[in-house]
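Student: To start, I am sharing the structure in question, which I have written as structure tokens.
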Amino acid sequence: MNRASLSPLNLSQAATRAHTTPRMLVAWIHDGLLPATWTSHGWQIDPSALDRTTSKIWSWAA
């Protein structure tokens, strides 16, 4: 499956995928580390952007 064709994730789905809390993702969004779009349904996060950001953050922590 092409990663570009994946639908955006909501905050809860993204937190589960990144093995973190929704509050942490909001902090990443607020700090400009994680690109996301606010919609009438809440935060929408691109799965590819989430994977890249999570990988970078875990690399920094190592």
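Student: Quickly run through the stretch 1-16 and pick out the residues that are touching a Ser or Thr at 6+ places or on another chain (Cβ under 8 Å), modelled with pLDDT of 95 or more and either among the polar types (S, T, N, Q) or not in a loop (DSSP other than H, G, I, E, B) (or both).
Tutor: Passing the criteria: only 15.
Student: Name the single residue that is nearest to residue 6 (Cα to Cα) among those in the stretch 34-50 being loosely packed, with under 15 Cβ neighbours inside 10 Å and modelled with pLDDT of 95 or more.
Tutor: Going through the qualifying residues, I end up with 48.
Student: Next question, about the same structure. Find all pairs meeting these conditions: Cβ atoms under 7 angstrom apart; at least six residues apart or on different chains; first residue within the stretch 35-52 and assigned to a helix (DSSP H, G or I); second residue aliphatic (A, V, I, L, M).
Tutor: From residues that are assigned to a helix (DSSP H, G or I), the pairs are 47/6; 47/9; 49/34; 50/9; 50/14; 50/18; 50/34.
The values are calculated or read from the model by the stated rules, or taken from the named source; none is laboratory data. Since the model is a prediction, treat every value here as computed from it, not as a measurement. Here Cβ is always computed from backbone atoms with ideal geometry, including for glycine, and neighbour counts include all displayed protein chains.
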